[in-house]
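The values are calculated or read from the model by the stated rules, or taken from the named source; none is laboratory data. Please read all numbers here as calculations on a predicted model, not as lab measurements. Every residue, glycine among them, receives a Cβ derived from its backbone with ideal geometry; neighbour counts consider all protein chains shown. Surface areas here come from the heavy atoms of the whole protein model, side chains and all, with no ligands, DNA or RNA. Shrake-Rupley method; radii C 1.70, N 1.55, O 1.52, S 1.80 Å.
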Amino acid sequence: MKKSVIMLSLMATVVVISCVKKEEKPADTIIIEQQAPPAQTTEEKNGTSLEVTKDGVKFETKDGDKSTSVKVEGGN
């Protein structure tokens with residue numbers, strides 16, 4: 001009988017200890033500051049673009065300093 005009382009009280013103690021609400025410390029906040037990348041310019045890149053809409057076709061090409069733009073509208 002003594003052994004069962006000791007075992008029961010030991011198990012009750014373990015249950016109480018494991019169920020005790022633990023205080024959680026807030027996590028440390030780390031702030032990392034980074035410089036913003038430089039603003040990008042809206043410089044047109046070399047290449048060709050083609051835009052087709054219900055109103056017509058627009059074709060543009062750029063090669064270095066040379067630029068060509070053709071816009072065809074209507075046709076009805």
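Is it the case that LYS62 is in contact with a strand residue (DSSP E or B) (Cβ under 7 Å, 6 or more places away or on another chain), part of a strand (DSSP E or B), open to solvent by 100 Å² or more (accessible area, probe 1.4 Å) and modelled with pLDDT of 85 or more? No, not satisfied. Residue pairs whose Cβ atoms lie under 7 Å apart, sitting 6 or more positions apart in sequence or on different chains, and linking a residue in the range 24-47 that is part of a loop (DSSP other than H, G, I, E, B) to a partner that is modelled with pLDDT of 80 or more and open to solvent by 100 Å² or more (accessible area, probe 1.4 Å), are ASN46/ASP63. Of all residues in the range 12-58, which are under 30 Å from LYS71 (Cβ atoms) and of a type in the set (A, V, I, L, M, F, W, C)? Selection gives LEU50, VAL52, VAL57.
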